[in-house]
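The values are calculated or read from the model by the stated rules, or taken from the named source; none is laboratory data. All figures in this text were calculated on a predicted structure; none of them were measured in a lab. Here the Cβ positions follow ideal geometry from the backbone for every residue, glycine too, while neighbour counts run over all protein chains shown.
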Amino acid sequence: MYQIKAKILFNEKIISGHYKMRLYAPGIAQKAKPGQFVHIKIKDGYDPLLRRPFSIHRCEGEKIEILYKVVGRGTESLSRKKIGNEIDTLGPLGQGFKINPDLKRIVLVAGGMGIAPLYFLAEKLNRKDILILLGAESKGKILCLEDLKNLNVRAKIATEDGSQGHKGLISDFLFHFIKESSQIDLVCACGPIPMLKKIAQLSLKNKIPCQVSLEQTMGCGMGVCLGCTIRGKSGYLRVCSDGPVFQANQILWNWI
């Protein structure tokens, strides 16, 4: 783990309310694994007091990228940062995806901002047999589709309003895909908790191994404050240090 003043190389709006930031963070970039995150102090001082967690979206050489949505004062302030500004960055943190290289058919399921860690995973795997199911509310809110086209993966779209691809929830799309597919070796998912709950239950019902990356409010980011705990089958789990990536069967979904 490193704590550094990471220099901003770009900070650009990609669609309404959503930004991509590239940081010069050599130590973090060299150690980061898909599914891990960085904890960023938005501004010096005490407002906002807590750091903000961001999935590592991409690594290239000594640089990392994060993908974020403006949802409050912290991320709104982050969106105003300029090239050359430095931000206090801690990472890489947490547990990432654990992929057996022998697995042949892997499906990545991203709901909205859930593409943030899954893009890094797809880039790292770099395999033609990877399928990404990408969900959004509408065509205008689909994230990273053009970037995915540059990877060695297939992508299928589901929008809730039917403006592009399959009409409906991404979890329903996975249900239909499982029914039609001969074999799936692993599902990896990230997105809102209600979506992850459906994905996990669907995968487990069909005896498909499933890993989920949870989105959770975090305080310390290192497992000390216990502010991000969830209930697991073996007791309480700290999302920041035991996760954010979990085996789906570790979690008591009825308590989330």
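Tabulated data
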{"quantity": "Test: residue in region 207-214 that is β-branched (Val, Ile, Thr) and under 15 Å from the mean Cα position of the chain (by Cα)", "calculated": "yes"}
{"quantity": "Residue check for Leu121: under 24 Å from Tyr2 (Cβ atoms) and either within 12 Å of the chain's Cα centre (by Cα) or of a type outside the set (Asp, Glu) (or both)", "calculated": "yes"}
{"quantity": "Residue identified as acidic (Asp, Glu), surrounded by 14 or more Cβ atoms within 10 Å (Cβ to Cβ) and within 19 Å of the chain's Cα centre (by Cα) among Asp172, Asp242", "calculated": "Asp242"}
{"quantity": "Test: Ile178 is over 23 Å from Leu143 (Cα atoms) and either assigned to a loop (DSSP other than H, G, I, E, B) or in contact (Cβ under 8 Å) with a residue 24 or more places away in the chain (or both)", "calculated": "yes"}
{"quantity": "Extreme residue, surrounded by the most Cβ atoms within 10 Å (Cβ to Cβ), among residues of region 95-116 that are closer than 14 Å to Asp185 by Cβ and touching an Asp or Glu at 6+ places or on another chain (Cβ under 7 Å)", "calculated": "Ile106"}
{"quantity": "Ile87, sole failed condition from (1) over 29 Å from Leu174 (Cβ atoms); (2) surrounded by fewer than 17 Cβ atoms within 10 Å (Cβ to Cβ)", "calculated": "(2)"}
{"quantity": "So Ala248, is it touching a residue at least 12 places away in the same chain (Cβ under 8 Å), within 15 Å of Ile132 (Cβ to Cβ) and either surrounded by 18 or more Cβ atoms within 10 Å (Cβ to Cβ) or among the charged types (D, E, K, R) (or both)", "calculated": "no"}
{"quantity": "Residue that is surrounded by 15 or more Cβ atoms within 10 Å (Cβ to Cβ), in a helix (DSSP H, G or I) and either assigned by TED's automatic domain parsing to the domain that holds Gln36 or at pLDDT 95 or above (or both), where the choices are Ala189, Ala200", "calculated": "Ala200"}
